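One structure below.
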Amino acid sequence: MNKRPIILDGDPGHDDAIAWLLAKASPELEIRAITCVCGNQTVEKVSYNARRICTLLGIDAPIAKGKRKPLIGPEMNAPSVHGESGLDGPPLPEPVMELCPLSSVELMAKTLRESEEKITIVATGPLTNVASLLLAYPELKEKIEVISFMGGGIRFGNWTPAAEFNILVDPEAAKIVTESGLPLIMSGLDVTEQALMLPADFDRIRSLGGQISQIVADWLEFFYGFHKNLGYEGAPMHDPCAVASLIRPDLFETQELCVEVETCGEYCRGTTVGHSRKPANVRVNMGIRREAFADLLVEAVKSYKEN
Ligand code: BDR
Ligand code: CA
């Protein structure tokens, strides 16, 4: 099978970690590089988390530390959702690999330059690294197959009524990406808040046995803790949607929309405005077959036990 080469760019984060677990478990994908960006926590913390996750999952790809601040706005983190470490909950193994000496942008550029095939970027944090890459190396755009990102929401926000966290942290970066002319797949809150793992799914994962199953079940419990207080029935798997839509597009309902990012606005900075008044620039995931998606994640965890 021809594997699709990918770069994972994120701010792990519980749902980033589960997205990376799904990517590693998918025979259709080959992880060429991991790049970290400030978001859920500082770039130091999320880079350390990335090394711990890669050690746990056996991901053998260079890991680079990326942008420590958004392009223009102030840094924002999400300790209320992911804890002080950015990945609170179960103890994790200490990393066995060092960080790559290159910055995230340089590692992305090198990975693209050296690849014979086009590469897919899966972005599950603020888009600061990706936008910086496009600004620094516009000639490498032709090496990018598609950018599948988690961010935004056509109908609503989560960090403000109008804006989702990843886009709100760096709206200027999101604007650069959405105006890049590259093929884009957006998994925003419209779909990711339907992509719930329910407590019964946590139990299915825990009952698989083994270290990774226990850790994933604990991550899900931790992540659900925050959302349960807001009335959710399960843990929304925002970031895994950006991976799932590459390997199982059949699970998703999509709309081709023109998505524009509000960078000003007293109340609406970071809003993703989706409409059809101009030509479409984004394939937007709007719906998901939840049960089949939950089964996909359970099977992904199970595959670690079998290997
Ligand atoms: C996004 O924000 C982060 O907290 C999650 O990791 C996800 O990428 C959801 O709004
Ligand atoms: Ca994330």
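Bear in mind that the values in this text are calculations on the coordinates, not laboratory data. Keep in mind that this is a model prediction, so the values were computed, not measured. FYI the Cβ positions are ideal-geometry reconstructions off the backbone, even for glycines, and counts take in every protein chain you see.
A few notes on this one:
- Loop-resident chymotrypsin sites (Phe, Trp or Tyr not before Pro) (DSSP state other than H, G, I, E or B) in the stretch 144-190 with no more than 15 further Cβ atoms inside 10 Å of their Cβ: PHE156.
- The relative contact order of the chain comes to 19 percent, based on Cα pairs under 8 Å that sit 6 or more residues apart.
- Direction-averaged projected area, Cα convex hull, the stretch 151-307: 9.9 nm², rounded to one decimal.
- More than 25 angstrom apart: percent of Cα pairs within the stretch 1-143: 22 percent
- Per-residue HN-Hα couplings for the stretch 164-177 [Karplus 6.51, -1.76, 1.60; θ = phi - 60°; Hz; x = Gly/Pro]: 8, 3, 4, 7, 4, 4, 9, x, 5, 5, 5, 5, 4, 5
- Among ASP15, ASP203, ASP170, the largest mean-square fluctuation in a Gaussian network model of the chain (Cα springs under 10 Å) belongs to ASP203.
- The protection proxy used here, the mean number of other Cβ atoms lying within 10 Å of each residue, ranks peptides 222-228, 187-193 as follows, highest first: 187-193, 222-228.
- Averaged over residues, the count of other Cβ atoms within 10 Å places the peptides 214-220, 48-54 in the sequence 48-54, 214-220, highest first.
- The chymotrypsin sites (Phe, Trp or Tyr not before Pro) of the stretch 232-307 that DSSP puts in a loop, and whose beta carbon has at most 11 other beta carbons within 10 Å, are TYR267.
- Of GLU30, GLU262, GLU233, the one that fluctuates the most in a GNM where the chain has Cα springs shorter than 10 Å: GLU233
- Within straight-line cross-link reach of LYS141, aspartates and glutamates at Cα separation under 13 Å, skipping those fewer than 8 residues along the same chain: GLU117, GLU179
- Amide N of the stretch 188-207 lying under 19 Å from the label point, which is placed 7 angstrom from the Cα of SER80 along Cα→Cβ: 189, 193
- The string of couplings for the stretch 43-50 from the Karplus curve (6.51, -1.76, 1.60, θ = phi - 60°) is 5, 5, 5, 6, 5, 5, 4, 4 Hz, one whole number per residue in order, with x for Gly and Pro.
- Dipole of the stretch 1-94, positive end: most advanced residue of GLY66, PRO12, PRO91 [Cβ charges, Cα centre]: GLY66
- With the convex hull drawn around the C-alpha atoms of the chain, the volume per residue stands at 120 Å³.
- Cross-linked pairs LYS175/LYS278; LYS228/LYS305; LYS24/LYS302; LYS67/LYS110; LYS3/LYS65; LYS69/LYS228: Cα-Cα separations exceed 24 Å for LYS228/LYS305; LYS3/LYS65; LYS69/LYS228.
- Comparing mean-square fluctuations of PRO12, PRO249, PRO74 from a GNM of the chain with C-alpha springs under 10 Å, the top value falls on PRO74.
- For the peptides 121-133, 100-112, the ranking by mean Cβ contacts within 10 Å, running from highest to lowest, is 121-133, 100-112.
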